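The values are calculated or read from the model by the stated rules, or taken from the named source; none is laboratory data. These figures come from a predicted structure and were not determined experimentally. Note that we place each Cβ from the backbone using ideal geometry, even for glycine, and neighbour counts take in every protein chain shown. With ligands, DNA and RNA removed, areas are computed over all heavy atoms of the protein, side chains included. Shrake-Rupley method; radii C 1.70, N 1.55, O 1.52, S 1.80 Å.
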Amino acid sequence: MRAGVLGTIAGKEFRDHVRSRRFHLFLGVMLVIVVAGMVTGAAQYSADLAAYAETQAVVSDESGLSTGGPSVLSFFSGMFMSTAQVGVFLGIAMGFDLVTREKESKSLKILLSHPVYRDEVVTGKALGGVAAIALAMGVVLLLSLAVLLIFGIVPGPGEVLRLLAAAFISFVLVVSFFVLALFFSTVAETSGGALVSSFLVFIIVAEVVPVLTVGAGSSLLIGPPPSPPAESGDIVSDEEMEAYEEASRAYTERMRLVRDAGVLLSPQTNCKGILGAVTTPGVPVPPDFARNIVAFAVFPAAFFGLAWVRFLREDIR
């Protein structure tokens, strides 16, 4: 893979994205999310600040000590959660026709007739799209920080790091479904087929998987819980009680495994869990935080690997 050729392809794709109406729509939607999220966050921050001012006087009068004030992260929490909710649609819209568009116009065959390798083409297309997404979200983040400064709200160093981490997590979610759409763009023959396939997978991981792995839906996969050995008033032997307890433990373990599998298969669920830990200072890190991060990173990496292999082996005519 040659860096010069890769940079040329990525630059062309980046310029095409930035000049397209789809990118302008992407940026517009992000600005709407920012406005809605910051309005909600500002209201929450004002409420927390008012509550802090009321309790601070009482605490200082009684003990002479002061407690920490509300975090500016509440100002951004609504924005990042909203981005996580709609980012999947934005990512799919950016990537579903990257390859199929050129298949339909027959320009892909002309491109591959030049001295360029297929891995350079698919990697350059991915990098160009990711760079366009990063530009849009970077502009949104900078404008959001500028609004904070205009209102005289200056986040501390720790809060800035958390804000950057939350913004990066939201960015990875958008990229995850961008790469998913890129994969189906290499598989499908038409842009419509790639779009339908991408949304079908989205519905499965966003709606079907959580229903089947969380709450009552999990019983459809692992069956009903074990019944007690006897009704009230009956005498239960030690062997029956031990067998019941063992069956209950095994059932609980199976339910936990199914729930964990559902969480790992859903990028949205992982994103919400990670964002909750990042944007809530003072709360202990969940025990499965590292596992969520690994699963969150595996999703885009796996689909990019599939797209890469599929494009290299595709018979283009």
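One table, with the values for the structure above:
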{"item": "Index of the failed condition, Ser60 passing every other in (1) in contact with a Gly (Cβ under 9 Å, 6 or more places away or on another chain); (2) modelled with pLDDT under 70; (3) assigned to a helix (DSSP H, G or I)", "result": "(1)"}
{"item": "Complete set of residues in the stretch 89-104 that are over 25 Å from the mean Cα position of the chain (by Cα) and within 19 Å of Val18 (Cβ to Cβ)", "result": "Arg101, Glu102"}
{"item": "Cβ pairs under 6 Å, 6+ apart, first in the stretch 117-134 and acidic (Asp, Glu), second open to solvent by 10 Å² or more (accessible area, probe 1.4 Å) and part of a helix (DSSP H, G or I)", "result": "Glu120/Val5; Glu120/Leu6"}
{"item": "Qualifying positions in the stretch 155-191 - open to solvent by 30 Å² or more (accessible area, probe 1.4 Å) and of a type outside the set (A, V, I, L, M, F, W, C)", "result": "Pro157, Gly158, Glu159, Arg162, Glu189, Thr190"}
{"item": "Conditions (1) at pLDDT 80 or above; (2) buried (at least 21 other Cβ atoms within 10 Å of the Cβ); number of the one not met by Leu27", "result": "(2)"}
{"item": "Residue check for Ala84: modelled with pLDDT of 85 or more, assigned to a helix (DSSP H, G or I) and of a type outside the set (D, E, K, R)", "result": "no"}
{"item": "Cross-chain or 6+ apart pairs with Cβ under 9 Å, the stretch 89-115 first and touching a residue at least 24 places away in the same chain (Cβ under 8 Å) and open to solvent by less than 20 Å² (accessible area, probe 1.4 Å), then part of a loop (DSSP other than H, G, I, E, B) and not polar (S, T, N, Q)", "result": "Val99/Ala188; Val99/Glu314; Thr100/Ala188; Thr100/Glu189; Leu108/Val99; Leu108/Ile316"}
{"item": "Residue ID - modelled with the lowest pLDDT, chosen from residues in the stretch 116-136 that are open to solvent by less than 60 Å² (accessible area, probe 1.4 Å) and more than 24 Å from Ser20 (Cα to Cα)", "result": "Val116"}
{"item": "In the stretch 277-302, residue farthest from Thr123 (Cα to Cα) [restricted to those that are touching a residue at least 40 places away in the same chain (Cβ under 8 Å) and open to solvent by less than 40 Å² (accessible area, probe 1.4 Å)]", "result": "Thr279"}
{"item": "Unmet requirement for Val139, which otherwise passes all of (1) more than 22 Å from Arg21 (Cα to Cα); (2) open to solvent by 40 Å² or more (accessible area, probe 1.4 Å)", "result": "(1)"}
{"item": "Test: residue in the stretch 268-276 that is assigned to a helix (DSSP H, G or I), open to solvent by less than 40 Å² (accessible area, probe 1.4 Å) and under 30 Å from Pro229 (Cβ atoms)", "result": "no"}
{"item": "Selection from the stretch 188-201 of residues that are modelled with pLDDT of 90 or more and of a type outside the set (S, T, N, Q)", "result": "Gly192, Gly193, Ala194, Leu195, Val196, Phe199, Leu200, Val201"}
